[in-house]
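Chemist: Pasting in a structure now, in structure tokens, and then I'll have a few things to ask.
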Amino acid sequence: MATTSDLAPGRATKTPNRARAAASKPREDQLEDQITQLQTDLKAIAATLAKLSSEKVNEATDTAKGELRHMQRQGQHVIDDVQEQAGEIEQQLKDTIREKPLTAVASAIGIGYILALLSRR
């Protein structure tokens, strides 16, 4: 009796291809599963990186705000010190003018004369 491969030689070669195709199907499914898992892992990594970068940005913002407050306090101390020194100098000038009014008037006239000469040029 003739076998199928004798009657249809083309069919005999197709049967191993189908077997290979059937065997490769689980591999394709495995690859698809692995690709899906990789995509899930990449999404999780991206979410983690976004969270970390957000935390770092918040940390940097908090640090910058703290430094700004510190600088503002230092600036206010400097302003207070300068105002205090200006007040002391003003008080010294007032005391000097009370002690020697004629000298103060003569000094004011001299300074006015010098400024007038300088402004002409």
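Chemist: Between residue 82 and residue 68, with labels modelled 7 Å along Cα→Cβ, what's the label distance in nm to one decimal, could you check?
Modeler: Inter-label distance under the simple model: 2.2 nm.
Chemist: With a 10 Å Cβ neighbour count serving as the proxy for reagent exposure, in which order, fewest first, do 121, 69 appear?
Modeler: The order, fewest Cβ neighbours first, is 121, 69.
Bear in mind these aren't lab numbers, they're just calculated from the coordinates by the rules spelled out. Everything numeric here is computed off the predicted structure, so don't read it as measured data. Here Cβ is always computed from backbone atoms with ideal geometry, including for glycine, and neighbour counts include all displayed protein chains.
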